[in-house]
Amino acid sequence: MNTLVILGAQWGDEGKGKITDYLAEKSDMVVRYQGGDNAGHTVEIGDNQYKLHLIPSGIFNKDKICILGNGLVINPKSLLDEIKYLTDRGISTDNLRISDRAHIILPYHIELDRLQEEKKGKNKIGTTVKGIGPCYKDKVERVGLRMCDIFYKETFEERLRENIRNKNEIIEKLYNGKPLDEDNIVKEYMGYLDEIKKYVVDTTALLNDSIEKGNKILFEGAQGTLLDLDFGTYPYLTSSHPISGGVSIGSGINPLKLDGAIGIVKAYTTRVGRGPFPTELHDKTGDAIREKGHEFGTTTGRPRRCGWLDGVMLRYSARINGLTSIAVTRLDTLGGFDKLKICTGYELDGKVVKDFPASLETLAKCKPIYEEFDGWKEEDMKDITKYEDLPENAKKYVEKIEEMTGVNVDVASIGPKRSETLIRTEFFSS
Ligand code: GDP
Ligand code: IMO
Ligand code: MG
């Protein structure tokens with residue numbers, strides 16, 4: 001196996017950053033293929049905790065090339081902040097490469113994101129307000145600005161000014177908002193782009209050359225399957241494709257060359273932002289999971305909604321992504337709960353539903369069918385280095401995930417640190 005995608009099987013924040021950092025050691029390249037700085041990936045190394053939004057979680061492993069693929073939408077200011085955040089902590093970003101085809105997030109995208117949310121009122125999506133949706137909208141509308149454009153300053157400036165004027169018209173006329181200052185944006189952002197120019201290359205060529213050499217490539221998903229624009233809980237989702245199908249479009253790898261897909265599954269379910277959540281817990285157990293797991297957003301600090309593990313969702317995720325493997329995270333967080341529940345199906349109008357419905361109205365009518373499991377103690381996981389040594393009840397819980405999805409759980413994570421990772425099958429061994 002040479003090419004492997006790590007992606008979220010739920011609504012994001014499953015622990016993709018941790019697992020990517022762990023597997024990056026054995027890879028040559030780590031590639032983000034979608035999203036932008038709406039992501040928040042946490043990596044803990046020794047006593048240090050790092051929070052990344054754009055830069056791939058492979059950056060802590062020296063000598064790995066870290067790519068921001070064409071499928072990303074990149075805010076140059078956020079990127080420069082993140083480069084500084086890392087270099088201030090002694091982490092080099094020399095190995096960063098940015099696709100010349102990636103789209104650029106500009107202040108009008110962020111302002112439109114904010115105004116759109118405000119106007120939607122109680123129907124708002126609860127976005128991260130990073131300008132993600134409006135930037136992808138420009139890409140689809142074919143008026144976006146790309147990284148390759150910054151090498152042609154004159155036309156870039158012309159198109160940027162035209163975009164600002166057009167967006168100002170929308171801001172003023174549709175949203176009754178304040179127009180943005182054209183000259184300021186041009187000056188400020190052309191300055192940022194000048195600074196990041198040195199990282200911009202044809203990453204598709206770089207990636208494919210590397211694959212041809214037989215190198216090991218890791219793709220790092222952001223968000224999660226249920227936030228995918230087509231397969232998530234529309235419209236409460238993000239505007240990109242976190243699923244494995246997004247890897248080829250967002251990086252330029254031949255789709256037939258992707259060897260495997262690891263789905264990161266949090267041992268329970270969380271969601272940030274609005275939208276349906278069948279297994280959500282509105283009680284003390286939900287609060288206890290949030291507190292024990294410090295479930296607050298990495299990017300926005302918002303409390304994450306918590307609930308039981310949803311097997312209907314996991315089966316759907318396994319099928320859509322062609323998961324070849326699952327990594328279960330946060331088994332330690334569930335330690336100490338007497339009884340645990342897993343949703344094995346939905347009940348809809350007296351019938352059992354096993355497939356995740358498209359309509360939000362249908363989903364709202366679905367009642368989870370639960371199977372109860374005996375819990376385990378977190379203390380019994382301390383200092384474990386082998387999967388076999390996990391508490392029996394934790395192993396039974398994991399086996400249920402395998403049964404529901406038909407996919408092997410090859411990684412069990414029992415803490416945020418690299419050392420708290422139990423590997424059952426080695427990845428990237430030939
Ligand atoms: P990502 O967006 O999928 O990369 O996940 P986030 O970083 O947003 O959220 C996952 C959180 O869980 C981070 O704080 C991680 O350090 C932490 N984490 C990852 N795996 C584990 C685990 O097995 N146990 C515990 N306790 N924390 C974990
Ligand atoms: P990582 O990579 C969890 C959610 C937002 C909102 C919806 C749309 O850390 O798992 P957007 O700003 O993308 O238009 O917001 O998607 N969302 C995430 N939720 N983890 C993420 O990323 C997310 N990125 C976006 O909360 O509901
Ligand atoms: Mg996150």
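The values are calculated or read from the model by the stated rules, or taken from the named source; none is laboratory data. Given the structure is predicted, the values throughout are model-derived calculations rather than measurements. Every residue, glycine among them, receives a Cβ derived from its backbone with ideal geometry; neighbour counts consider all protein chains shown. Side chains included, ligands, DNA and RNA excluded: accessible areas come from the protein's heavy atoms. Shrake-Rupley method; radii C 1.70, N 1.55, O 1.52, S 1.80 Å.
Things worth noting here:
- Scanning segment 1-28 for residues that are open to solvent by less than 10 Å² (accessible area, probe 1.4 Å) and either among the aliphatic types (A, V, I, L, M) or away from ligand 1 (no atom under 13 Å from the Cβ) (or both) yields Thr3, Leu4, Val5, Ile6, Leu7, Ala9, Ile19, Ala24, Ser27.
- Lys257 vs. criteria of a type outside the set (Gly, Ala, Ser), open to solvent by 40 Å² or more (accessible area, probe 1.4 Å) and without any contact (Cβ under 8 Å) to a residue 60 or more places away in the chain: no
- As a summary of the residue check, Gly46 satisfies the conditions (1) at positive phi; (2) surrounded by fewer than 16 Cβ atoms within 10 Å (Cβ to Cβ); (3) within 16 Å of ligand 2 (Cβ to nearest atom) except for the one numbered (3).
- Among the residues here, Leu106 qualifies as under 23 Å from Gln223 (Cβ atoms), crowded, with 21+ Cβ neighbours inside 10 Å, more than 20 Å from the chain's Cα centre (by Cα) and not polar (S, T, N, Q).
- Flag for Ser57 being in a loop (DSSP other than H, G, I, E, B), of a type in the set (S, T, N, Q) and touching a strand residue (DSSP E or B) at 6+ places or on another chain (Cβ under 8 Å): yes
- Residue match in segment 146-155 (condition: within 26 Å of the chain's Cα centre (by Cα) and farther than 15 Å from Gly36 by Cα): yes
- Any hit, segment 90-102, residues being more than 27 Å from Pro56 (Cα to Cα) and without any contact (Cβ under 8 Å) to a residue 24 or more places away in the chain: no
- Residues located in segment 109-133, provided they are on the phi > 0 side of the Ramachandran plot and open to solvent by 30 Å² or more (accessible area, probe 1.4 Å): Gly121, Val129
- Residues that are farther than 29 Å from Asn254 by Cα and among the basic types (Lys, Arg) within segment 170-204 comprise Lys173, Lys178, Lys187, listed in sequence order.
- Those residues of segment 31-43 which are β-branched (Val, Ile, Thr) and within 13 Å of ligand 1 (Cβ to nearest atom), in sequence order: Thr42, Val43
- Inter-residue pairs, beta-carbon under 8 Å, first more than 17 Å from Gly17 (Cα to Cα) and open to solvent by less than 40 Å² (accessible area, probe 1.4 Å) and in segment 282-309, second within 14 Å of ligand 1 (Cβ to nearest atom) and of a type in the set (Gly, Ala, Ser), 6+ apart: Arg304/Gly297; Cys306/Gly293; Leu309/Ala267
- Residues that are open to solvent by less than 10 Å² (accessible area, probe 1.4 Å) and within 16 Å of ligand 2 (Cβ to nearest atom) within segment 268-281 comprise Tyr268, Thr269, Thr270, Arg271, listed in sequence order.
- Criterion: in a loop (DSSP other than H, G, I, E, B) and within 19 Å of Arg114 (Cβ to Cβ) - qualifying residue of Asn184, Asn176: Asn176
- Where a residue in segment 28-50 is closer than 19 Å to Gly131 by Cβ and without any contact (Cβ under 8 Å) to a residue 24 or more places away in the chain and its partner, wherever it lies, is in a strand (DSSP E or B) and within 15 Å of ligand 2 (Cβ to nearest atom), with Cβ under 7 Å and at least six apart: none
- Failed condition for Pro235, given (1) closer than 30 Å to Ile59 by Cβ; (2) in contact (Cβ under 8 Å) with a residue 60 or more places away in the chain; (3) open to solvent by 40 Å² or more (accessible area, probe 1.4 Å); (4) out of contact with any Leu (no Cβ under 7 Å at 6 or more places or on another chain): (1)
- Residue check: Glu141 meets all listed conditions (1) in contact (Cβ under 8 Å) with a residue 40 or more places away in the chain; (2) under 26 Å from the mean Cα position of the chain (by Cα) but one, namely (1).
- Any strands (runs of 3 or more DSSP E) falling wholly within segment 247-358 and containing at least 1 residues that are more than 30 Å from Asp202 (Cβ to Cβ) and more than 16 Å from ligand 3 (Cβ to nearest atom): 305-307, 325-329, 339-348, 351-353
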